[in-house]
Amino acid sequence: MKIFFVSMGCAKNTVDSEYLTGQLKLLGHEIFDEPSSCDVGIINTCGFIQDAVKENINAILDLEQLKADGIIKKFIVAGCLVNRYEKELKQEFPTADLFARSEEWDKIIKFLDNKIILNCERSFNALDKNFWTRYLKISEGCNTLCSYCAIPLIRGKLRSTPIKKLISEAQMLCSAGARELCLVGQDLTVYGQDFNDGTNLKKLISALSSEIPENVKLRLLYLHPERVNEELINFLLENKKVLHYLDIPVQHCDPEILARMNRPLKNNNDLIKIFKYIRECDELFALRTTLMTGFPGEDENKFNALIDFISEIEFDRLGAFVYSPEEGTRAASFKDQINNDVAEFRCNKLMGVQAEISSGRNELFINRELKILVEDIDKEAGEIWGRSYRDAPEVDGMICANNPENKKINLGDIASVKILDSSENDLFGEII
């Protein structure tokens, strides 16, 4: 059977899609990213915030229209949006042939093949051409219960994947050509807590480091700042497999706002202290964070403190978004909601300040050498594009390099580049 597959949302959803498409391929189905001549359409949805909900609803409408036009015969809606709004979706899309929650892959397989497969193993994703960079999802769900976040409502409580299984999966990805494994979860720092046997993130990283090839690197994404301390930083810096890059979403810096987010810090100075400690250890360490503007109770002084905070830390990369009152979350009931136009203005101002900071951080690398993982080769322009240790896939900048000596370079190779110029997001240089 020919299947048109659409994967929406975050990297964790990408991993889920790989599990499903891998099983479908093993059963003999063909996976396509275009609907023409396909029998079935499947969408793995995201329902994290309302903007994502709207985007996913539109994508489902597209599938519904494809079925109405006779381009596909059936369509299946799966994933987070079904977890969150299954009843409403069934009413809104009666022409859908099946609804399946996240990880209900056996339900989809039974529908398509009348077979039941237990313990679905991840397989190579036919939709992903960048085999050299892979995501390793180490846990699902979350126990932190941030007041603004719907993830626990959608995905449930923390469920860590056993180390033995993660090692097996990592080795499989490496054997398929991976040169970089990005560890993802709602919060990597709580990995293993649900096992109650001493399993933790450090033990996982140590185990992975000893079992994957020497040339494969680990990138850590999504660490709660409360549990990032000097001990963890020292451990990561001593491990040669771990890239000098951390994504630590702080969301805000104001103590009152953080307390209302249910992300309180014992001492607000600890937030600044840990970032400064990282930079003291390595001034070129790449730091990424996420911030929110317009959270209930954020006045002008609290927002200005946020501007001062990012100016002091000088994050290499920063993503900001406007607070969205999500149905079912505590924060949605707070009385002091901020006008959306004000929140948008603050978000734009924040990113304007960060643009200058990012430009300044990038300038530090002019006349330095960086190794890149080659992701694109433009033969006509004579350009090679890749990512260094500072650049996570999809969200960060890239490095563009000329190849004056016409050295043979392939996708997925590691190449050395001398940096000659920079912009806010990207670096430019030549292969050496």
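Remarks
- Residue in the stretch 321-334 that is within 26 Å of LEU246 (Cβ to Cβ), under 21 Å from the mean Cα position of the chain (by Cα), assigned to a loop (DSSP other than H, G, I, E, B) and among the charged types (D, E, K, R) present: no
- Residues that are exposed (fewer than 15 other Cβ atoms within 10 Å of the Cβ) and in contact with a strand residue (DSSP E or B) (Cβ under 8 Å, 6 or more places away or on another chain) are absent from the stretch 248-256.
- Hits in the stretch 213-227 (condition: in contact with a strand residue (DSSP E or B) (Cβ under 7 Å, 6 or more places away or on another chain) and of a type outside the set (Lys, Arg)): VAL216, LEU218, LEU220, LEU221, TYR222, LEU223
- Of note, ASN200 does not satisfy the criterion of being surrounded by fewer than 16 Cβ atoms within 10 Å (Cβ to Cβ) and not β-branched (Val, Ile, Thr).
- 3 or more residues closer than 16 Å to LEU24 by Cα and at pLDDT below 90: qualifying helices (runs of 4 or more DSSP H) within the stretch 47-116: 105-113
- Candidate set from the stretch 87-99 (those that are closer than 19 Å to SER7 by Cβ and open to solvent by 10 Å² or more (accessible area, probe 1.4 Å)); member that is nearest to the chain's Cα centre (by Cα): PHE99
- Qualifying position, being of a type in the set (S, T, N, Q), in contact (Cβ under 8 Å) with a residue 24 or more places away in the chain and within 30 Å of GLU214 (Cβ to Cβ), among SER359, SER422, SER388: SER388
- Within the stretch 270-294, residues that are at negative phi have Cβ atoms under 6 Å from residues that are acidic (Asp, Glu) and open to solvent by 30 Å² or more (accessible area, probe 1.4 Å) in these pairs: TYR277/GLU230, counting only partners at least 6 apart in sequence or on another chain.
- One residue from ILE272, ILE307 being under 20 Å from SER358 (Cα atoms) and modelled with pLDDT under 95: ILE272
- Just one residue in the set GLY9, GLY79, GLY47 is open to solvent by 20 Å² or more (accessible area, probe 1.4 Å), closer than 27 Å to ILE138 by Cα and small (Gly, Ala, Ser); that residue is GLY9.
The values are calculated or read from the model by the stated rules, or taken from the named source; none is laboratory data. From a predicted model like this one, the values you see are computed outputs, not experimental measurements. FYI the Cβ positions are ideal-geometry reconstructions off the backbone, even for glycines, and counts take in every protein chain you see. When the accessible area is computed, the model is the full protein with side chains, heavy atoms only, and any ligands, DNA or RNA have been set aside. Shrake-Rupley method; radii C 1.70, N 1.55, O 1.52, S 1.80 Å.
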